[in-house]
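One structure is given here, and the rest of the page talks about it.
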Amino acid sequence: MKILIGVDDSPHSAAALEFVKKMTWPSGTEVCVVSAVRPAVALYTEVYVPASEQVERILEDQRKLHEELVSRAEMALRDRGFKTCARVLVGDAREAIIEMAKSEHADLIVVGSHGRSGLTKLLMGSVASHIVTHAPCDVLVVRPRTKAS
């Protein structure tokens, strides 16, 4: 079985990672930790610094943060005995995760839900909703546990 787990730096993502770590999966299951860096767009730039340099610097900083994030998640899974891989993709997380699931022939995608609704969901979009409706495989959406649950 091949599982992709989409991560970002949020408690929702941490809940998805914890869920995968706690579950019993078939022998030989591989878990690939994926995070996506959205390309930066220069809307305003200082006259003395070319916009392309600023965009490249921002993208590189974001890539480093995401690499640390997937590395930590991968180590946590490996410590639990999983066969793992980790990838940082460039692009919209919704499309990047779906494309990776297709190319890697994933059996399952696991993502956390931010629980947005209404106007916030309309304006910001929902990675989980998009993946659920467009994925080539099964999708598991994990919500963080609240104190009441």
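Brief remarks on what is shown
- Taken along the Cα-to-beta-carbon direction at a fixed 7 Å, the label points for Thr24 and Glu60 span 4.9 nm.
- Likely footprinting exposure, Ser103, Ser13, fewest C-beta neighbours within 10 Å first: Ser103, Ser13
Read-outs throughout are calculated quantities, based only on the coordinates presented, and are distinct from any laboratory measurement. As the structure is a computational prediction, the values presented were derived from the model and not from experiment. As a convention, Cβ positions derive from the backbone with ideal geometry for all residues, glycine included, and neighbour counts pool all protein chains shown.
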